[in-house]
Amino acid sequence: MIVALTGGTGGAKLVEGLAAVVDPSQLLIICNTGDDCVFHGLHVSPDIDTITYTLAGLSDTEKGWGIKGDTFAAMEHLGRLGNDIWFNLGDRDLATHITRTRLFREERKLSEITEQIRRALGVTATILPMSDDRIETRVQTAAGEISFQEFFVKERWAPDVRAVRFVGAEQSRPAPGVLEAIRRAEAIIVCPSNPITSIGPILAVPGIRAALEQIEAPVVGVSPIIGAAAISGPAHKLLRTAGWQASALGVARCYRGFLDNFMIAAEDESIAAEIQSLGIETRCANIRMTSLADKRRLATEVLAWATK
Ligand code: GDP
């Protein structure tokens, strides 16, 4: 089994590549749930949904979220009725959130709901939330503490960030199957996701980081940072807030202790030796994924390195 840890944007790109080159029944994805939010009374799990839609061939890869070709009639009407609609949800996407919310009301766990939705959408790879317990990524700004979605979507990640915390993480447990998957994996792939707000919450669930540190199987990461900036989104800004350098080296330091191999950008060749000195095998490659061919190529390179 190949196990991937992921958020929803850079991670989904590599997951799409992995699904194209690995037998999907041998692929297990552990998703961040720290971004989960309630909108209009509905439970939204943005990263799980992006990964599920990606693996179902439904994702809107242009936008990077939602379902391709979705319409927004419900949003428009919600707006007319005076609802706050800064978080855009397509009509078909809403059906997912309605289903998840109904199943929560029937006291089903997030892992069971995720399993039901992925099967209904014909996904053969396994998708697990990092935890069935509620963990909320909170971003502290000068104007107060806000959810990750408020920071990322509503505020377009403009506010200065003082700190990030994962409320509920300390008392949480990994979802059923998460630790077993890590312990039995042939290889673990740490996707090029935000190290602070996508991989960070996963590592904050007690037991997950320790399991990654203990396993013999190789743990291979791909950098989400090129030079001093993220390819998209606020990862560089949040790395600095957390006291790390905004670079692939900063990400490598963040993952030190469990990361064996790290794929960084060809442009970052000058810092490869310093990452190597942390005891992490480092290779330079084209890590930008714009086409499906890029995603497949990078997934193939990562897997070849992980399973050599
Ligand atoms: P989120 O849940 O939307 O924050 O999604 P992720 O954490 O999975 O993805 C965000 C990260 O993906 C950012 O830090 C980006 O720099 C990174 N990213 C986006 N596109 C690419 C790409 O083509 N290649 C790589 N290596 N990273 C990317």
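Taken about its Cα centre, segment 1-71 carries a charge dipole of about 100 debye when Lys and Arg each add +1 at the Cβ and Asp and Glu each add -1 at the Cβ.
Considering only LEU259, ALA293, ILE271, and ranking their Cα positions along the charge dipole of segment 242-308 that arises from unit charges at the beta-carbon of Lys, Arg, Asp and Glu, the one farthest toward the positive end is ALA293.
Note on ARG105 and ARG240: the model spin-label points, each 7 Å out from Cα along the C-beta direction, lie 4.6 nm apart.
Do me a favour and compute the ellipsoid semi-axes for segment 65-192 from its Cα gyration tensor, root of five times each eigenvalue, largest one first, whole Å.
Working: eigenvalues 151, 111, 43 Å².
The three semi-axes for segment 65-192 are 27, 24, 15 Å.
Net charge dipole, segment 79-175: roughly 200 debye, given to the nearest 20, about the Cα centre with Cβ charges of +1 for Lys and Arg and -1 for Asp and Glu. Farthest toward the positive end of the dipole of segment 114-185, out of GLY122, PHE148, PRO176, is the Cα of GLY122, where the dipole comes from beta carbon charges about the Cα centre. When the Gaussian network model of the chain links Cα atoms closer than 10 Å, the mean-square fluctuations of ILE51, ILE280, ILE85 top out at ILE85. Placing dummy labels 7 Å off each Cα toward the beta-carbon, the span from GLU281 to GLU267 is 2.7 nm. Relative to the longest principal Cα axis of the chain, at what angle does helix 292-306 sit, 0 to 90 degrees, rounded to 10? Result, in degrees: 50. Using the 1.4 Å probe convention, the accessible area of segment 1-128 works out to 42 Å² per residue with neighbouring protein chains retained.
First measure r as the distance between the Cβ atoms of ALA120 and GLU76, then evaluate 1/(1 + (r/R0)^6) with R0 = 25 Å and state the FRET efficiency to the nearest 0.05. It would help to have the intermediate numbers written out before the result.
Working: r = 27 Å, r/R0 = 1.06.
Step by step, r from the Cβ atoms, then E = 0.40.
Within the chain, what whole-number % of the accessible surface is contributed by carbon and sulfur, with the 1.4 Å probe and all protein chains included in the calculation? Exposed carbon and sulfur together represent 49 percent of the surface. Kirkwood radius and radius of gyration were both taken over the C-alpha atoms of the chain, and their ratio Rg/Rh is 0.95.
Given Cβ point charges of +1 (Lys, Arg) and -1 (Asp, Glu) and nothing else, what value in debye, to the nearest 20, does the dipole of the chain about its Cα centre take?
Details: 32 positive and 37 negative charges, 8 e Å.
Here the size comes out at about 40 debye.
For an R0 of 51 angstrom, estimate the FRET efficiency from the Cβ-Cβ distance between ALA293 and ALA142 and round to the nearest 0.05. Present the calculation step by step, with values, prior to reporting the outcome.
Values: r = 44 Å, r/R0 = 0.86.
That gives a FRET efficiency of 0.70.
Cross-link partners of LYS13 among lysines, defined as those whose alpha carbon lies under 24 angstrom from its own and excluding same-chain residues fewer than eight positions apart: LYS63, LYS68, LYS154, LYS237, LYS295, LYS308. Entry comment: accessible area of segment 186-273 is 32 Å² per residue, from protein heavy atoms only and a probe of 1.4 Å.
The values are calculated or read from the model by the stated rules, or taken from the named source; none is laboratory data. Everything numeric here is computed off the predicted structure, so don't read it as measured data. So basically every Cβ, Gly included, is an ideal-geometry build from the backbone, and we count neighbours across all protein chains shown. Heavy atoms of the whole protein, side chains included, go into the accessibility calculation; ligands, DNA and RNA do not. Shrake-Rupley method; radii C 1.70, N 1.55, O 1.52, S 1.80 Å.
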